Amino acid sequence: LLLLALLGLLAAAAPAPRLEAAPAAPAPAPLERTIDVDGAQRAYLIHVPAAWDRRAPIALLFVFHGAGADAESMVKATGFEAWAETEPTLIVYPRARRATKRFDVDGTRTQPGADVRFVDVLLGRLRERFPLDMQRIYATGFSNGGAFCYRLAADRRHIADPWLWQIL
């Protein structure tokens, strides 16, 4: 009897089992795509949120990696795909040229550079394929990629009316 009472006390003192919600399914991996930019093949990754209403305008976030890194490392480091499922946003990870593995931040106003041209062509393609909200185009990056965002802001001021570059 004493043993049963002791077991009853232990059972009452034990924490109740916790029921936890199943973890949300991970966002699908971004798709790899290429685009011709003035005769050179340039690559990027793109994440299209599954929860997005395909008729609604969608925001666009460019994410630029650091020197020596790659688009895949930014996918792993940021977690933007999960965020894009709650705040429908196209997430695009452009790749720097293979030879340098860095974005050109040293262009001039008259010669903005191949990477700015890459973004111009890529944005044109995205506008053809998605109903972009042109007031919600953003760019962010790490290290060299962050510096490249400043290059975009400087080189694209004259078209800030149709394209709103915001540095995150």
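Odds and ends about this structure:
- Of all DSSP-defined beta bridges confined to segment 33-91, some 65% are antiparallel rather than parallel.
- Segment Arg33-Asp120, length gained on full extension (0.36 nm per residue, minus Cα span): 29.7 nm
- Inter-label distance, Arg129 to Thr100: 2.5 nm, where each label sits 7 Å from its Cα along the C-beta direction.
- Accessible-area ranking of Thr89, Thr78, largest first, probe 1.4 Å: Thr78, Thr89
- Of the solvent-accessible surface of segment 31-156, computed with a 1.4 Å probe and all protein chains present, 52% belongs to carbon and sulfur.
- Nearest-10 value in Å² for the accessible area of Trp83, using the 1.4 Å probe: 110 Å²
- DSSP bridge pairs, segment 46-143: antiparallel proportion in percent, nearest 5: 15 percent
- Difference of contour (0.36 nm per residue) and Cα-Cα distance, Gln111 to Lys76: 9.3 nm
The values are calculated or read from the model by the stated rules, or taken from the named source; none is laboratory data. In this text the structure is predicted, and so the values were computed from the model without any measurement. For neighbour counting, all protein chains shown are included, and Cβ atoms are generated from backbone atoms with ideal geometry for every residue, glycine included. Protein only, heavy atoms only, side chains kept; ligands, DNA and RNA dropped before computing areas. Shrake-Rupley method; radii C 1.70, N 1.55, O 1.52, S 1.80 Å.
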